[in-house]
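Read-outs throughout are calculated quantities, based only on the coordinates presented, and are distinct from any laboratory measurement. Every value quoted in this text rests on a predicted model; they were computed, and no experiment measured them. As a convention, Cβ positions derive from the backbone with ideal geometry for all residues, glycine included, and neighbour counts pool all protein chains shown.
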Amino acid sequence: MLLWPSLGQADNFANDVRKAALHSTLDQEGTKAFHLKATLAPSFDRDKDSGRTGEVEIWWASPNEWKREVRTPAFHQIAIENNGRMWQKNEGDYFPEWLRETGIELVKPIPPLDEVLKQIQDAEVRRIGPMTNLTWEVQTGTAEVPNISRSWVALDNNTGLLLYAGGLGWGAEFKDYADFHGRRVAHTVNVGSPQVTAKVTTLEDLGDVPANFFDASANGGDTERIDTVLIDETSLRKNLVPAPALSWPPIQDGPLEGHITTDVVVDREGKIREIGPLVSDNPGLSEAARQALEAMRFTPFLANGAPIQAMSQITLTFKTVRPAGVEAFESARTYFERGRRVSFPAFGGDTPYELRAEFEARGAQGSVQTGRYEDTWQSTSQWRREAWFGKSHYVRSRNGDKAYQFAEGPDSGLLQLVFRVLEPIPAIDTFVESDWRMRRDTLNGSRTVLVLSGYQSPQGELDPEQARGYWFNDDGLLVKTHFSGIETLRSDFEDFGGVKIPHQIDVLKDGNLGMLIRVKEISRADTLPDKSFEVPGHEWTRAFTDQVR
């Protein structure tokens, strides 16, 4: 039986998340007293030497009466709460953040639930198959360097349960749910990066415990507890010990100015002990940024006069130069936007047009057939692209604020590929500038600039599935592409209204010609009625595509 057969409308997403969180939270009023034990290990073999192994064991009688023990090779803590009084015994001077978060996520999947429910009202909502994903951003950083903090929640549309959730200082992926007295508890919880998998091996009724089991006044406890607090970046920087300005190394590729952001945990002595994944406007400077972070020092953060651990975001601003003798390239955005403007009529001119093309390809039936493509463009808010191949048909169009998409037939996927080949430059709002690098290349004896993302071997071969490459000649024309293991060669450029349009596109897979597209005609279009750009019953919202149209 489904918990919630279907998720609500936008106004009810907060209620859906609240239900999911509370249904899986053990640490709350009404939960039957329990004993939980989980083993911790790296999720992936590549991280086997990370030291992220251990155990978490929790004895819980009520929200105000519990005992928890966490153990790793480098740290061991026993913590007790009894009606607001806390007791700790620690072996080790630093409580690893990944371990702290894992201990919490096992019993409380969304710790800041009230805050999350407020933010969800403005979340971006995307439905992906059986999942609903909600994401939102909060402005953070400093007045000098603004930043954002991202949070997310994903729900299973069939069960209403949490699939994953996260934000600064909390978050996990939840799997293998099982019932515990009406709660649905994830028995596999993945946390952090490098990722750790917590496997619940025991979840049972608490049973009898010794009379002093939850005694928070027992002898032998530490006089200073190890506590971790989340703080904003402004508060973090107030304790930053002044140091010489950072000196950034010269960098060959990517932007010369920008920001690098990450999460850090500062220990009780003021030293950064954990650095999260770096989000950089230029990944080539990430190692230099990591070294700079490791050298930072802070005056200790205090709570009630005692030193504490602190977790926060931190942003570094970089400004550097190219190495001497290295050609300076423009940004990927510049190459993409110029390429779109000079050789794609929907972006480079204001003349309404009709473009007709034919293509030859092997369809689902195994035979080579000829298909048709038509593009009718009146303006940026009124256009229609349409293709036919055998019994298949695909349309994408726009009329004002409304967009449409319709696909039918066994080769509708092939037709979607035709659309992408004809307009392959990725939309600006779907890529991060720092993912791209530029270099000179020669194509058929002509100079080009290759704008590349992903792995390229020393021999110049691009990763067949992950890499993306776009070759622009000195006039800014896009003459070659590589994406999804497919290469396209664009030739026979002819002028239309100041835009040079390729009239032949060869599509190659593994070096073999798989499709040939020829533009047969392009001419000025007459004004058409609005209904020409509508596909009733097939309104479409653009999501998860890097295509502009």
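The orientation-averaged projection of the convex hull spanning the C-alpha atoms of region 413-549 amounts to 10.6 square nanometres.
Summarising the overall dimensions of region 296-434 from its C-alpha atoms, the Rg and Dmax are 24.9, 79 angstrom.
Taking every Cα-Cα distance in region 10-205 and sorting them into 10 Å bins starting at zero, the pair-distance distribution P(r) comes out as 9, 33, 35, 20, 3, 0 percent.
Placing a label point 7 Å from the Cα of D475 along the Cα-to-Cβ line, the residues of region 304-341 whose backbone N sits under 17 Å from it are 338-341. Taking the convex hull of the alpha carbon positions in region 471-527 and averaging its projected area over all directions gives 5.1 nm². Reported to the nearest whole Å, the Cα centre-to-centre distance from region 320-367 to region 465-512 is 7. For the residue pairs K32/K199; K67/K89; K118/K175; K19/K118; K48/K271; K37/K108, alpha carbon separations beyond 23 Å are given by K118/K175; K48/K271. Here region 228-319 has an Rg and Dmax of 13.8, 49 Å, counting Cα atoms alone.
Ordering K118, K500 from the fewest to the most neighbouring beta carbons within 10 Å gives K118, K500.
In plain terms, the C-alpha convex hull of region 123-225 casts an average shadow of 11.8 nm² when viewed from every direction. Using only Cα coordinates, the Kirkwood hydrodynamic radius of the chain works out to 27.5 Å.
Legend: ranking of residues T39, T448 from fewest to most surrounding C-beta atoms inside 10 Å; resulting order T39, T448.
Pick out, in residue order, every one of the GluC sites (Glu not before Pro) in region 59-164 that is DSSP loop and has at most 10 other C-beta atoms within 10 Å; say none if there are none. Here the sparse-neighbourhood loop sites are E144.
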